Amino acid sequence: MSDTTFTNQHIITLNSISIIIAIYNRKDELFELLNSLSHQTDKDFEIIIVDDGSKIDLRPTTTLFKESLNIEFFRKDNSGPGLSRNYGARRAKNDWLVFVDSDVIVEKNYIENIKKNITEIPCDAFGGADKAHKGFNLMQKAISYSMTSVFTTGGIRGNKKAVTKFQPRSFNMGVKKSAFETVGGFSEMRIGEDPDLSMTLWENGFTTAFFDNIGVYHKRRVDFGKFSKQVYQFGCARPILNQRHPKYVKISFAFPSVFLIGYILGFIEYFLFQKGLFLTMYGLYTVLVFFHALYKTKNISIASFAVISTYIQMFSYGYGFLKSWILLNIFRQKPEDAFPSHFHRN
């Protein structure tokens, strides 16, 4: 159970946790997430589910767990994940808000480890890694590799040694409710709203931490087409975030775009000048990715898929970043006009 402090008026529960899940459709994923939460070693937490205007009825799924979990269910008009999480946060009773995506599964000691960490490690917000579950299919495991590999994201999503200042993401993110309210919660951004919140917390003097024992199993997209669209949107969001938070711009953000341009130049070099220096470098990169994925996954099929997913990630993100940077910095468009689907408008 959580620690408590007594006052003349009432009892304040310390390190108490509210799990907030913003969801759109995804009934099967919701069942798997709630099932994993129902097996926690520490059962002292509440769950706030915010149905963001789903086209299917999610209430029967939550009803299955009403005896084993403390669940509050709310349904609202669609506004995107960030504002839906704000909606849930306003209804949370506890002093720590923990956001998880609806397509994750948590281990049985997830809550227990969070409480232990926030007791021992001073911070205002925290995050954890995402990883592939043994039950995921080959493509999901390959995509998970690409999203956590040192050869793509630099490993920042899965290894605390890879970062100097951790930026929590909403698939596995905790924030003190007081800090969350101080900065106004998530912004109106539909894509990139979680790094936006992390940097806003930093700008207001709040601290973040990486907890290495609260990793979640993140299913992500189940096919390469959806994965490509997702990372393209992430790429479009990054220059928007750079404008909003110029203090935290890094040259590495542009690496996927450089990767894409270099690949195109490689083919131009080969066909016009009959030279293959650029393409040789990409060949070496492909070999590195394959053998690193093979080492990590111990599966040659996953490693082969990982090469494909890595190139999809780099090309799609790189194209999105380049397009967004040009529209925002060359044509001077406002982010809301250049990418209206990235923002919620009343």
Per 5 angstrom bin, beginning at 0 and ending with the bin that holds the maximum distance, the Cα pairs of segment 174-225 fall in percents of 4, 16, 22, 18, 18, 13, 5, 3
Could you pull out every one of the lysines with an alpha carbon less than 27 Å from that of K334, ignoring same-chain neighbours closer than 8 positions?
K226, K229, K247, K250, K323
Along the charge dipole of the chain, pointing to its positive end and built from +1/-1 on Cβ of Lys, Arg, Asp and Glu, which listed residue (F278, Y295, I71) has its Cα farthest out?
F278
Under 16 Å between alpha carbons, and skipping anything fewer than 8 positions from K177 in its own chain: which lysines qualify?
K93, K115
Among beta bridges assigned by DSSP with both residues in the chain, the antiparallel ones amount in percent, to the nearest 5, to 40 percent
Crossing angle, helix 81-90 versus the chain [Cα axis fit, 0-90 degrees, rounded to tens]:
20 degrees
Full-extension gain in nm, N70 to I251, via 0.36 nm per residue minus C-alpha separation
60.7 nm
Rg to Rh ratio, the chain, alpha-carbon atoms and Kirkwood radius?
0.99
Per residue value of the accessible surface for the chain (all protein chains in place, 1.4 Å probe), Å²
49 Å²
Which loop trypsin sites (Lys or Arg not before Pro) in segment 45-97, with loop taken from DSSP, have no more than 15 other Cβ atoms within 10 angstrom of their Cβ?
K55, K66, R91, K93
Taking the Cα centre of the chain as origin and charging only Cβ (+1 Lys, Arg; -1 Asp, Glu), how large is the dipole, in debye to the nearest 20?
760 debye
How many percent of the accessible area of segment 21-178 is carbon or sulfur, using a 1.4 Å probe?
49 percent
Length-normalised contact order for the chain - Cα pairs under 8 Å, 6+ apart - percent
17 percent
Please say if segment 75-148 is rounded, prolate or oblate, where rounded means a/c under 1.5 for a ≥ b ≥ c the square roots of the C-alpha gyration tensor eigenvalues, and otherwise the choice is prolate for a/b larger than b/c and oblate otherwise?
oblate
Tilt of helix 224-244 relative to the longest C-alpha principal axis of the chain, in degrees (0 to 90, nearest 10)?
80 degrees
Is the C-alpha gyration tensor of segment 236-326 telling us rounded, prolate or oblate? Criteria: a/c under 1.5 is rounded; beyond that, a/b larger than b/c is prolate, otherwise oblate.
oblate
So, relative contact order of segment 208-346 in percent, Cα under 8 Å, 6 or more apart, is 38 percent
Determine the share of segment 228-325's accessible area contributed by carbon and sulfur atoms, expressed in whole percent, with a 1.4 angstrom probe.
73 percent
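The values are calculated or read from the model by the stated rules, or taken from the named source; none is laboratory data. Every value quoted in this text rests on a predicted model; they were computed, and no experiment measured them. All Cβ positions, even for glycine, are placed from backbone atoms using ideal geometry, and neighbour counts span all protein chains on display. When the accessible area is computed, the model is the full protein with side chains, heavy atoms only, and any ligands, DNA or RNA have been set aside. Shrake-Rupley method; radii C 1.70, N 1.55, O 1.52, S 1.80 Å.
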